[in-house]
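Working notes for the structure below.
The values are calculated or read from the model by the stated rules, or taken from the named source; none is laboratory data. These numbers come from a predicted model, not from an experiment. No Cβ is skipped: glycine too gets one built from the backbone with ideal geometry, and neighbour counts run over all protein chains shown.
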Amino acid sequence: MTTPPIPQGPVPLPYLRVTEPSYAQRAAATFLREDFAGAVVLSGPCPRCGHPMEFPVVERIFRTPTPGASAPASASPPVVVFCTVEDVEYPGAPEGEAGCGAYWSLVLAAEAGT
Amino acid sequence: MTGPTGGLRAGPAPTPAQLRHARSVRRALATELGRVREAALAWRNGLGAVLAGLIGFSLIKGRNDVGQIASNWAVVAGLLLLGALVVGAWGVLALLRAAHGRPSAARVVASPGGAVRPFSVEDHDETLASARSLRIGITLTCLCTALLAAAVGVTWYAPPKDPPQLLIRQGGTTLCGTPTSAARGTVVLKVNGVTSTVDLARADSVTPVASCPAPAPAGP
Ligand SMILES: [Zn+2]
């Protein structure tokens with residue numbers, strides 16, 4: 001499997017709601033995981049557009065839209081992550097939506113290694 | 001396949017439904033602090049008004065009534081009222097805490113060996129703490145209302161204080177009972193359900209007492 005080079009340049013990528021196996025692999029390798037009480041913060045470059053992004057994963061939120069929202073840090077189900085870059089305008093992005101549209105999932109191991 | 005700090009593995013490609021759910025969670029997360037504040041504000045306004053009215057009512061209304069009930073019941077009513085005030089003040093503080101947050105600055109400098117908590121995490125913690133305060137505040141104000149209702153109920157339904165009694169000594173006999181009427185130097189005493197008229201001019205002493213001494217041994 002080849003991982004295409006991260007495109008970067010003055011013209012941002014068009015918005016595209018897309019996922020590829022390489023996204024998850026690259027994010028698993030490059031993202032930084034920080035554990036806080038009640039929340040895990042994932043940060044790193046978006047594997048599609050390359051811009052830095054931050055993604056908080058929380059155990060529960062105030063009045064969750066559907067029960068069993070995000071996976072707690074200790075559970076094994078994969079966490080769905082998507083590009084949340086805010087300071088870039090992606091051509092074709094829906095109104096009020098941040099990010100380039102890329103999404104993937106990551107599995108948070110029970111304990112962060114060193 | 002581990003990241004800079006490890007603990008991350010590539011997961012399977014999410015389904016569109018999973019993505020939709022993740023996006024809605026993220027939207028809810030971005031607005032949760034505003035929503036919890038809004039909810040707390042509404043609760044604070046509503047419960048605050050109810051509480052202020054109830055406390056005012058029981059303070060003004062309760063005072064006259066407490067004096068007319070038996071003293072140990074007056075103590076009960078007072079304790080209930082005190083409890084209601086303490087619980088109510090605590091509840092209002094909790095509601096205010098939920099509606100306006102704790103006036104403290106977020107920590108920006110990393111503690112030695114620890115990372116700076118991002119503001120998104122701070123806000124999330126604040127949301128959960130506020131939601132907790134809101135629940136506590138609602139419970140306490142409801143408890144306060146119940147205590148107030150109990151206190152007012154005691155002032156209404158507690159047995160009335162015993163009426164004052166009159167102890168009259170006349171020669172070697174002693175009469176003690178509730179005065180029912182008095183006219184022209186005589187007083188009508190009700191002693192154990194039997195009324196008797198006493199001529200005060202012949203009385204040696206007339207003493208008002210809170211309660212009569214134990215009935216004297218039978219026999220004149
Ligand atoms: Zn992106």
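Checked against (1) at pLDDT below 90; (2) over 18 Å from B:Ala52 (Cβ atoms), B:Ser130 meets all criteria but (1). Checked against (1) charged (D, E, K, R); (2) surrounded by 15 or more Cβ atoms within 10 Å (Cβ to Cβ); (3) in a helix (DSSP H, G or I), B:Arg135 meets all criteria but (2).
Filtered by the rule that a residue be in a helix (DSSP H, G or I) and in contact (Cβ under 8 Å) with a residue 40 or more places away in the chain, segment B:150-189 gives B:Ala150, B:Ala151, B:Val152, B:Val154, B:Thr155, B:Trp156. Quick check on A:Pro67: is it surrounded by fewer than 16 Cβ atoms within 10 Å (Cβ to Cβ) and modelled with pLDDT of 90 or more? Here the answer is no, as A:Pro67 does not meet what is asked.
In segment A:14-22, is there at least one residue being modelled with pLDDT under 90, among the charged types (D, E, K, R) and either within 16 Å of the ligand (Cβ to nearest atom) or not in a strand (DSSP E or B) (or both)? No: segment A:14-22 contains no residue that is modelled with pLDDT under 90, among the charged types (D, E, K, R) and either within 16 Å of the ligand (Cβ to nearest atom) or not in a strand (DSSP E or B) (or both). Looking at segment B:166-179, is at least one residue in contact with a Phe, Trp or Tyr (Cβ under 7 Å, 6 or more places away or on another chain) and not acidic (Asp, Glu)? No, segment B:166-179 contains no residue that is in contact with a Phe, Trp or Tyr (Cβ under 7 Å, 6 or more places away or on another chain) and not acidic (Asp, Glu).
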